[in-house]
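The numbers here are math on the coordinates, done by the rules we state, and not lab data. No experiment lies behind these values; they were computed from the predicted model shown. As a convention, Cβ positions derive from the backbone with ideal geometry for all residues, glycine included, and neighbour counts pool all protein chains shown.
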Amino acid sequence: MDGNLVIIRENDENLLTVQPVHGKVTDSLGNPLIGVTVQVKGTNIGTVTDVHGNYLLNAPDNSILVFSFIGYKYREVSIGGKSSVNVTLSASNTGLNEVVVVGYGTQKKVDLTGAVATVGSDKLESRPLVNLGDGLEGLIPNLNVNLGSGQPGTAATYNVRGLTTIDKNSSSAPLILVDGVQRDPNLIDPNDVASVTVLKDAASAAIYGGRAANGVILITTKSGVKGKTQISYSESYTTSRPTNLPNYVSSAGYIQLFNSAQRTGALTGGYTSSDPLTALDSTMAAAYMKDPAHNPDAYPDPGNPNKYRYVGNTNWVKVLYPGWAPQQDHHLSVSGGAGKTTYAASLGYFRQEGLEKVAHQIYERFTPNLKINSDITKWLTVNMSMSATHTDNNQGARTRINQGGSWIPGDLRPLMPVYNPDGHFSGQGSYSNPVAILTLSGRDIDQVNDLWATGRVILKPVKHLTITSDYTWNSYSEFDKANLIPFNEYGVNGVFLDIFPWTNPSQVSEKKQNNDYTALNAYATYENTFGSKNYFKALIGYNQEYHHYRLSNALARNLIDPELPAIGANNDTKPTVGGTETASALVGTFFRINYIYDHKYLLEINGRYDGTSRFQPNDRYAFSPSVSAGWDIAQESFMQNLRNTIDELKIRGSYGELPNQLAPPPPNNISSSAQYPYIATMPTGTVGYLFNNEPGITVGTPRLISPTFTWEKVQTKDVGIDYSLLRDRLSGSFDYFITDTKDMVVASQQLPAVLGTSAPPTNSASLRTRGWELSITWNDNLLNDKLHYSATLGLSDSYSTITKYSGNPTYSLNDYYPGERLGNIWGFVTEGFYTSDAKAQAVDNSALAGYKWLAGDIQYRDLNGDGKIDRGNSTLANPGDEKIIGNNTPRYKFGFNLNVSYKDFDLALFVQGVLKSDFDPTRSNVFNAFPYDEWGIPYAYAMNYWTPQNPNAYFARPRFAGYGNEQTQTKYLQNAAYGRVKQITLGYSLPKQLIGRLNIQRVRVYVTGSNLITITSLFKGFDPEIVNFGGGYNTYPINKSVSFGLRITL
């Protein structure tokens, strides 16, 4: 201003002071983010980060930089005169622009109309995992992962949204694809996984047709990105032990229980032991427990001086599981790209030792992988991937010889020491010594080789059109060899008594199986936007797959040298040989159409026409239609005033009908009746009669085949809502679904026995599964964005009811029946204990047990008032005195994840569990074990048994074979609900200023505790996680562990 003159000049950005600004963008774990858009707010000045996450641009003083990247929350950061600005972006759980893998393609998450959930690699890399299922458990609502047990080499199994069938030759397992082909997820290294997508409803899974009736799990492995070569190495060392070790009675308690049961048997005419304990046994056992240093744990049997009477006090759990078992995991990866080619290579090694120290089981897994992608021209891309898995499982032959998966032998007595006084292993007659068995009886070695190769060609002949074709070859081979070495029983002073019965004769078995698999996919995708509001995408394709499976096995006895077992080196005049060979094929054409109008209204139509070799020629093809739609209310004009509060509010619904081709392919299911259910196979065998000095060979009557046998049909209806609120801080989804299985395959009504064969399976049942799932996530930053935290809660439920079942016209409770809710537990209502012998004998309990009932036996309620306790005729109309007392279906499964990062520290917590479930222990070995079985090991709490002085005891009076007290009943029904801290991890990343000088991008160290805390009301000795998936007392336990890990990125 000069006098009355006012000069007004137009603002000119060029007059502002401009300076270069640089920095690095990383994720919450410190990994560099490639391709992040960095823009000066309010201008068109911007750039993107390079392969190391670095950026450089010129920006005016005091301007604001906006950082945005798909799948991450955007950030605004003021320059404030600084020349260097480093930024950490937090992952966005909803990721409105996040791209997720779907069938034969990808879609933006915001555009999905089906029930789809996804997990990124960040959820799998922060801690050591035994297998992929170990990392996915509890992360996705209604993705049910059963780890089976903690035994090395145990495969995880998967289920999506509950049961869809009850047929023994069928399965409710989902279709699992790794990089587009069907593959066992237990044979891949979790470190190689980039993402996991679960297609839950029929609309999202229909494109896979008859294999996808139970949902689909899509696993995508990591690929290379263009830029400087990146080398990453990770390692972890873990030490493990059982989550739950049972407490057993001491020898004093064993003697007390044994003698009490023996007296009861004598009083009532019940079972008594043929090998009773003597007064001398009791006296010497008491002396040994009081002073083991000066008293023997065995003495010569007065009735047979060559044999020992055992009077020790052995805790067999501590003998077999004395400490912690080691585990280690190593993974090396190299990736990068230059020009038109990218590559990714990795090598993984995993080793886990078993909990049984004597058995010294060792499981090893090797996983090399290679991926190469090359843009030959602008319109032609070629990629190739090769991978292999080799596993070696070396364990004691005990697991192959009548011991199954039992981790605690059931015929031990604490009185027996590990060794006889002369140093030989103890164990005589009915006394089994597990240490001797595991040490002397041989080994079982199982080896798997799984080889994969895929070639893919991608053509873009014209704008908007992409044509993809790929071919996959797989060779799976498995070789299992187990040998049984006889060992001796020794008596007093090392005298030879006998060869231990079930180890004789020596034997060796071999099993070889091979499966060759090929798959061809060819599909074309057209994608375009018309005008500014009409988005259209269409896909059409073809798929064919072929399996050829071969199995051979042999068993030879009386080996020439048991220490050098060989099928050809034996004196077995009749070695056992067998085998099978099957082949199956699948062809299908498929399509998908997507239409979106103005980002508000979404429509998707999927379909597939499948043909399978598993059905008769005139019924091999079936169509899988589905439709889904969505409405994003947040995009409507009347919601504009809430845009700063509501980012997404999408209502969606879907319907689809998928045929189910029943059995999974080999090697998961090799039975002929499963692979060829329409062919009348004939059973073969041998008889004990000799014809010309040869055993007679028999051929059975062909099984009957229903002429109407066809596909099961699975219909799914789903409604859901996806939401993202408060600038993506609060997000989640809710789904409600109904799945109906029509024409379900079951055994038909029983036919007369004179027919000589069983009734054929028919499509004569229906099943309905209802359920829902909820996911809620909160993300936020505090302390000027130095502290980031996110919390996710997942909750889900499902249950199944039989709506039709024609094979049980009497509604017998020993079979399925219409209206039955799967998992129902029928049992008696417990009144308490009989308080006198007279009251016990005034009630007719003979249907449960024929011995004389006494005071201290269980008193059941007479529900039908007929003066006796029984099961009627075990039908729904006449169940006698039984009723539904519980249900063993796990209900209200939950998972809670908390992740916190502050500067260079990160913390992760994962809690998982079940809120409602019932468990019947009378069907497990806790009740089959002593005091109700002469040879079992009693739990310590079995000492709380009824006596006149202890009328309020928990257990009934001890009996051998006390079946009457072992009935399924309300008194012993257990609440199997639980909560478990599955993981807690604390990590620290070395400061970038320190490692940057060494050209190291990141170094992170961490410590993880897994399964350290469990809250449950179950009997000690039962793992609730195993119980809720059908395991019991003697299932090899899940491990709790502590791990130390390191990850370095160059």
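Calculation over all alpha carbon pairs of region 289-407 in 10 angstrom steps from 0 returns a P(r) of 10, 21, 19, 17, 12, 9, 6, 4, 2, 0 percent. Close amide H pairs (under 5 Å, H built 1.01 Å from N) link Phe500 with Phe487, Asn488, Glu489, residues at least 5 positions away or on another chain.
Name the shape class, rounded, prolate or oblate, that the alpha-carbon gyration tensor gives for region 87-164, where a ≥ b ≥ c are the square roots of its eigenvalues, rounded holds for a/c under 1.5, and otherwise prolate holds if a/b is larger than b/c and oblate otherwise. Mind dumping the intermediate values first?
Working: a/c = 2.66, a/b = 1.42, b/c = 1.87.
Because a/c hits 1.5 or more and a/b fails to exceed b/c, region 87-164 counts as oblate.
For region 540-626, the C-alpha radius of gyration sits at 2.15 times the compact-globule guess of 2.2 N^0.38 Å, with N the residue count.
Normalising by residue count, region 102-142 has a Cα convex hull of 102 Å³ per residue. The three principal axes of the Cα atoms in region 952-1050 give end-to-end lengths of 76, 23, 20 Å, sorted in falling order.
Relative intensity of region 13-88 on a log10 scale, I(q)/I(0) at q = 0.16 Å⁻¹, equals -0.50, per a Debye sum over C-alpha point scatterers of equal strength in the absence of solvent. Take every pair of alpha-carbon atoms less than 8 Å apart whose residues are at least six positions apart; their mean separation over the length of region 99-227 yields a relative contact order of 29 percent.
Relative contact order, whole percent, for region 13-88 stands at 36, derived from Cα pairs under 8 Å and 6 or more residues apart. Using the rule -39500 (n - 2.57) for each DSSP H run of four or more residues, divided by the residues of the chain, the 222 nm mean residue ellipticity is -1500 deg cm²/dmol.
Over region 830-880, the pair-distance histogram of Cα-Cα distances with 5 Å bins from zero comes to 5, 22, 29, 25, 12, 6, 2 percent, rounded to whole numbers. Ratio of Rg to Rh for region 168-216: 0.99 [Cα atoms; Kirkwood radius as inverse mean 1/r over pairs]. Computed with the Debye formula from one identical point scatterer per Cα of the chain, without solvent, the log10 of I(q)/I(0) at q = 0.06, 0.07, 0.09 Å⁻¹ comes to -0.56, -0.75, -1.20.
In order along region 567-583, the Karplus-derived 3J(HN,Hα) couplings, from 6.51 cos²θ - 1.76 cosθ + 1.60 at θ = phi - 60°, round to 4, x, 10, 8, 10, 7, 6, 9, x, 9, 10, x, x, 7, 8, 9, 9 Hz, and Gly and Pro are given as x. Just list whichever of Lys222/Lys340; Lys511/Lys574; Lys108/Lys786; Lys109/Lys916; Lys222/Lys903 have alpha carbons separated by over 21 Å in the model shown. Exceeds cut-off: Lys108/Lys786; Lys109/Lys916; Lys222/Lys903.
Pairs of Cα atoms in region 420-541 fall into 10 Å distance bins, from 0 up to the last occupied one, in shares of 11, 21, 14, 12, 11, 10, 10, 8, 4, 1 percent.
When only alpha carbons are used to place a centre, region 410-470 and region 782-818 end up 31 Å from one another. For region 582-652, dividing the convex hull volume of the Cα atoms by the residue count gives 106 Å³ per residue.
Remark: region 261-341 is approximated by an ellipsoid whose semi-axes, taken from the C-alpha gyration tensor as √(5λ), come to 57, 21, 12 Å, largest first.
Kindly put Leu438, Leu199, Leu520 in sequence by how many other C-beta atoms sit within 10 Å of each C-beta, fewest to most.
Working: Leu438 23, Leu199 27, Leu520 14.
Ranking Leu438, Leu199, Leu520 by Cβ neighbours within 10 Å, fewest first, gives Leu520, Leu438, Leu199.
Put one equal scatterer on each alpha carbon of region 99-227, apply the Debye formula with no solvent term, and list log10 I(q)/I(0) at q = 0.10, 0.16 1/Å to two decimals. Debye output, listed in q order: -0.31, -0.79.
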